[in-house]
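Notes follow once the structure below has been shown.
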Amino acid sequence: MKRVAVIPGDGIGPEVIREAIAVLERVRTTHDVKLQLTEFDWGADKYLREGVSLPEGALEMLSQNFDAILAGAFGDPRIPSNKVAEDVLLGMRRGLDLYINLRPVRLLDARLSPLRDRMVDEIDFVVFRENTEGAYCGAGGFLKKGSSDEIAIQEELNTRPGVERIIVAAFEYARANGRKRVTMADKSNVQRFGGDLWQRVFKEVGARYAEVETNHQYVDAMTMFMVLDPGQYDVIVTNNLFGDILTDLGAAIVGGLGLAASGNIHPGRVSLFEPVHGSAPPLAGKGIANPIGAILTVSMMLEYLGYREAGVTVESAVRQSVLHQETTHDLGGTLSTSEAGKAICNRIG
């Protein structure tokens, strides 16, 4: 029995997570998936009601009692500081040391891509984004804040262990999944110190995987090539900031953030799975949010928990629903959030 903590979150989060849970209930029957789901109300409503975002002891409880976390989205205009999202989401990423942010970029249907004449087999890669260091480490500060001479310093942190483990993870994934090439993106021509570390570690780690081709691109060039020739990519590995940018571009070329799934992973430990479309407050409560990102996130989670066949089946059901235009309006369909979720469930089994 695998134990999953469910945090629906804010905005459209509860709506899309509801459909994701329906898919989990479906594979319990069709694939003998054994899961115990426990829901937590951490989000804007709890914060406004109790002044609590991430409760004391939550990280210890999650690491000791659960195998995975399924989260919706965080962010509410009633809390302009974005405190809840920072405390809950970033708190779990950092506090649980979820150093791999894994984002698949896979085209489900050629009509969804804004790139002209691209076939589904031309856009199929994954991005390994370092998830705990880099420009998002929070280091820096102000001098003479608010004055005409103000100075703002934003620092980037790269450690040898942090860089090495994300690069190793990318090569291990390539080896395990028959991927032929790992491409590392950086900006080492101007960010000389962090870039130098990434370059050296990438070369050293790559030498251990003789069957996998290594390739390097500057990140600005990669944004261009991702549009012009996405078929060249198998596995991309990069730092926190560049990974954040590249994965949103990746989502755009396969149909948008409504389709984007992600895993925040520390192999062998409790890991966090979340769609990355955000809470989208203007869409909340209208029944028009696209549940596919959340359902594909469930597919990733199932594979992580050892239910690979069930995960593959869920992704196949999503693909068939998209091909038959059983989707919400943003993908050209006519279905509501719940109807789109039900259509996918009906194709499982």
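The values are calculated or read from the model by the stated rules, or taken from the named source; none is laboratory data. For clarity, every value in this text was computed on a predicted model and none was experimentally measured. FYI the Cβ positions are ideal-geometry reconstructions off the backbone, even for glycines, and counts take in every protein chain you see.
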Original post:
Counting only residues that are charged (D, E, K, R) and under 20 Å from Val270 (Cβ atoms), which one in segment 49-85 is surrounded by the most Cβ atoms within 10 Å (Cβ to Cβ)?
Top reply: Asp67
Original post:
Which of the residues belonging to segment 227-256 are at positive phi and over 14 Å from the mean Cα position of the chain (by Cα)?
Top reply: Gly255
**OP:** Look at segment 178-201 and say how many of its residues are in contact (Cβ under 8 Å) with a residue 40 or more places away in the chain, in a loop (DSSP other than H, G, I, E, B) and within 19 Å of Leu246 (Cβ to Cβ).
**Re:** 2
Original post:
From Glu309, Glu326, which residue is closer than 22 Å to Arg111 by Cα and either assigned by TED's automatic domain parsing to the domain that holds Tyr99 or in a loop (DSSP other than H, G, I, E, B) (or both)?
Top reply: Glu326
Subject >> Which numbered condition Phe242 misses (of (1) assigned to a helix (DSSP H, G or I); (2) under 28 Å from Asn290 (Cβ atoms); (3) out of contact with any strand residue (DSSP E or B) (no Cβ under 6 Å at 6 or more places or on another chain)) >> reply: (3)
**OP:** Look at Gly349 and say whether it is over 15 Å from Pro275 (Cβ atoms), surrounded by fewer than 21 Cβ atoms within 10 Å (Cβ to Cβ), touching a Ser or Thr at 6+ places or on another chain (Cβ under 9 Å) and at pLDDT below 95.
**Re:** yes
Original post:
In segment 157-177, which residue that is part of a helix (DSSP H, G or I) and of a type in the set (Val, Ile, Thr) is surrounded by the most Cβ atoms within 10 Å (Cβ to Cβ)?
Top reply: Ile166
Original post:
Any residue at all in segment 142-158 that is in the same structural domain as Asp229 (by TED's automatic domain parsing) and at positive phi?
Top reply: no
**OP:** Answer with yes or no whether Val276 is of a type outside the set (Asp, Glu) and part of a helix (DSSP H, G or I).
**Re:** no
Original post:
Could you give every pair whose Cβ atoms fall below 8 Å, whose first residue belongs to segment 63-83 and is basic (Lys, Arg), and whose second residue is outside any helix (DSSP H, G or I), counting only separations of at least 6 or pairs across chains?
Top reply: Lys83/Ser53
Original post:
Which residues, taken from segment 247-270, are assigned to a helix (DSSP H, G or I) and surrounded by fewer than 21 Cβ atoms within 10 Å (Cβ to Cβ)?
Top reply: Asp248, Leu249, Ala252, Ile253, Leu257
**OP:** Would you mind stating whether Pro114 is touching a residue at least 40 places away in the same chain (Cβ under 8 Å) and buried (at least 17 other Cβ atoms within 10 Å of the Cβ)?
**Re:** no
Original post:
Can you pull out the residues in segment 140-161 that are among the hydrophobic types (A, V, I, L, M, F, W, C) and touching a residue at least 12 places away in the same chain (Cβ under 8 Å)?
Top reply: Ala152, Ile153, Leu157
